[in-house]
1. Tell me the label only: which of [x] 63; [y] 52; [z] 40 is percent of Cα pairs over 24 Å apart as calculated from this structure?
2. Restricting attention to region 1-57, which chymotrypsin sites (Phe, Trp or Tyr not before Pro) occupy a DSSP loop and are surrounded by at most 13 other Cβ atoms within 10 Å?
3. List the GluC sites (Glu not before Pro) within region 45-99 that DSSP assigns to loop and that have no more than 12 neighbouring Cβ atoms inside 10 Å.
4. Nearest 10 degrees, 0 to 90: what angle lies between the long axis of helix 59-71 and the longest principal axis of the chain (Cα atoms)?
5. Could you order peptides 9-21, 85-97, 118-130 by the average number of other Cβ atoms within 10 Å of their residues, highest first?
6. Taking 7 Å along the Cα-to-C-beta vector as the label spot, tell me the THR92-ALA135 distance in nanometres, rounded to one decimal.
7. How high is the relative contact order of region 1-87, in percent, counting Cα pairs under 8 Å that sit 6 or more residues apart?
8. Between ALA41 and ASP64, 0.36 nm times their residue separation minus their Cα-Cα distance comes to what?
Amino acid sequence: MRPSLMYEVKQVELAVRALMDEVLRPAGVTTLQYTALTVLAGRDGLTSAELARNSFVTAQTMTDMVAALERRELIVREQDPAHGRKLLISLTDKGRAFLDEHSAEIAAIEERMVSRLNKNERTALHDLLNRCRAALAGS
């Protein structure tokens with residue numbers, strides 16, 4: 001009997017995460033922290049709650065991650081000028097440099113993951129995964 005598709009997706013996720021952990025561990029950053037940094041690279045100035053949702057972690061986990069990344073000076077929290085009590089999180093120059101420094105190694109993991117797929121299959125995989133995500137999100 002063939003494993004469920006959800007099981008196979010989880011196996012891919014675990015394999016990717018193990019490889020990313022291997023790359024990032026010497027730099028003292030976890031895969032979850034790296035994910036948060038990449039989210040900020042795409043959309044700077046998020047609240048902790050927004051960053052948590054976009055990074056696939058709980059608000060409590062994000063609180064700990066933000067503190068760790070701030071100590072490493074990879075991110076900064078600043079008051080929102082429009083809402084004084086709201087803190088917005090942004091990448092620092094050091095955070096951007098960190099992403100630049102590790103982008104080739106992370107891209108190599110993705111390339112390894114799809115190395116047995118041709119260009120059309122890669123495009124189809126993107127499309128299929130996005131459609132699955134949208135179906136689960138109800139859209």
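No value in this document is a laboratory result; all are computed from the given coordinates. Here the structure is a predicted model, which means the values were calculated and not measured. When we count neighbours, we look across all protein chains shown, and the Cβ atoms used for this are built from the backbone with ideal geometry, even at glycine.
1. [z]
2. Values: sites: TYR7, TYR34, PHE56; in loops: PHE56.
Here the sparse-neighbourhood loop sites are PHE56.
3. Values: sites: GLU50, GLU70, GLU73, GLU78; in loops: GLU73.
Answer in residue order: GLU73.
4. Taking the Cα atoms of the chain, the angle to 59-71 is about 70 degrees.
5. Values: 9-21: 13.3, 85-97: 15.2, 118-130: 10.8.
The packing order, highest mean first, is 85-97, 9-21, 118-130.
6. Calculated label separation equals 4.4 nm.
7. On the way: 45 pairs, mean separation 13.9, N = 87.
Relative contact order for region 1-87 comes out at 16 percent.
8. 6.3 nm
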